[in-house]
Amino acid sequence: MKIVVFAPHPDDEIFGCGGSILKWMDEGHDLHLVYVTDNRALITWGIKENQLLHEYAGDYINIDEDEVAEIALKEASAVSNDFGFKKTNVYYFKIHDQDVMNNLDLGIKLSIDIIKDAGRILLPSDNNPHPDHQGTHTIVKMAAKELNLLKVEFYVYVVHTSLKLPKEKQIRVKVDEYRHKVYELMKGYKTQLCLQESRMGWEYMLRRRRAERFGIFNLQDMNKFQNF
């Protein structure tokens, strides 16, 4: 099965579904990964929101956003390679960080060829407080609607929000055996680990996660549930 994972920012694939990616790779599925933004605003956002851990951010504080984006995308390339993704299966939309909602048409256009033959698509939740996550969700749904992907499974993962849906619309993927590798993979995102929230999630969540939970939907479910 072709499975396409959408990550609003480099590292969202890890926190949203890292263990499941590794499990599905071991099962022989054809995994594809889309990085929607370039993470250029990571340092400036971290300073603004008092999230920056200065003891880890020394190499990045005095460089401009173009340089941050270049470093972040190099990290994404290395991490996706360490996951086991083929280079031809990794896509970079390079939409500016914090600007996805202003680039929905571009995102839809870029997504169509990638998802047209997918069997399963992973995307962040609807009604998401983070604009890049919300924009990514909207891009995927609108591209799927344009293609009329009636047979696709939509797996919604949660970052920045929670799943609120009936049990019959939930699925748990056991990832216990992949916890250590997911933890190690996150080390490749040195820029992200400059942020307090990311570092805490890495240190206290990834090594303890035994299962990943998703909302599972089809195209006919669109806009009938809070998460989809």
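Since every read-out is calculated from the coordinates, none of them should be taken as a lab result. Owing to the predicted nature of the structure, the values given are computational and were not obtained by experimental measurement. Quick reminder, even Gly has a Cβ in these numbers, built from the backbone with ideal geometry, and neighbours come from all protein chains shown.
Calculated FRET efficiency, Leu163 and Trp45, Cβ-Cβ r, R0 30 Å, to nearest 0.05? Once the sixth-power term is evaluated, E becomes 0.75.
3J(HN,Hα) along segment 121-130: 10, 9, 8, x, 5, 6, 6, 9, x, 8 Hz, from the Karplus curve 6.51 cos²θ - 1.76 cosθ + 1.60 with θ = phi - 60°, whole Hz, x for Gly and Pro. Using only the C-alpha atoms, the convex hull of segment 18-71 corresponds to 122 Å³ per residue. When only Cα pairs below 8 angstrom with a gap of at least 6 residues are kept, segment 64-185 shows a relative contact order of 25 percent.
Here the spin labels are modelled as points 7 Å beyond Cα on the Cα-Cβ line, and at Asp117 and Met205 they lie 3.5 nm apart.
Rounded to 0.05, the FRET efficiency of the Ile61 and Lys94 pair, given R0 = 25 Å and the Cβ-Cβ distance, is 0.65. Ordering of 178-184, 4-10, 54-60, 200-206 by packing is 4-10, 178-184, 200-206, 54-60, highest average first (other Cβ atoms within 10 Å, averaged per residue). Relative to the dominant Cα principal axis of the chain, helix 104-115 is inclined by about 60°. As a rough guide to protection, the peptides 31-39, 163-171, 106-114 ranked by mean Cβ packing within 10 Å, highest first, stand as 31-39, 106-114, 163-171.
Working note: 222 nm ellipticity from helices only, DSSP H runs with n ≥ 4, each -39,500 (n - 2.57), summed and divided by the residues of the chain, gives -12000 deg cm²/dmol to the nearest 500.
Which FRET efficiency, nearest 0.05, do Lys174 and Asp105 yield, Cβ-Cβ r, R0 25 Å? Intermediate results must be reported in sequence, preceding the final value.
Values: r = 39 Å, r/R0 = 1.54.
Efficiency, from the Cβ-Cβ distance: 0.05.
Per the Cα gyration tensor, the chain maps to an equivalent ellipsoid with semi-axes of 26, 20, 17 Å, ordered largest to smallest. Across segment 83-91, coupling constants 3J(HN,Hα) worked out from phi with the 6.51/-1.76/1.60 Karplus curve, θ = phi - 60°, read 4, x, 5, 5, 4, 6, 9, 10, 10 Hz, and Gly and Pro carry x. For segment 1-123, the square roots a ≥ b ≥ c of the C-alpha gyration tensor eigenvalues yield an a/c of 1.5 or more together with a/b exceeding b/c, which makes the shape prolate.
Less than 5 angstrom separates the built amide H of Asn39 from those of Asp97, all sequence-distant by 5 or more or on a different chain.
The mean sequence distance of close C-alpha pairs (under 8 Å, at least 6 residues apart), as a share of the length of the chain, puts its relative contact order at 27 percent. For segment 70-157, the equivalent ellipsoid derived from the Cα gyration tensor has semi-axes of 21, 18, 12 Å, listed largest first. Beyond 21 Å, the tail of the calculated P(r) for segment 141-228 holds 46 percent of the Cα pairs.
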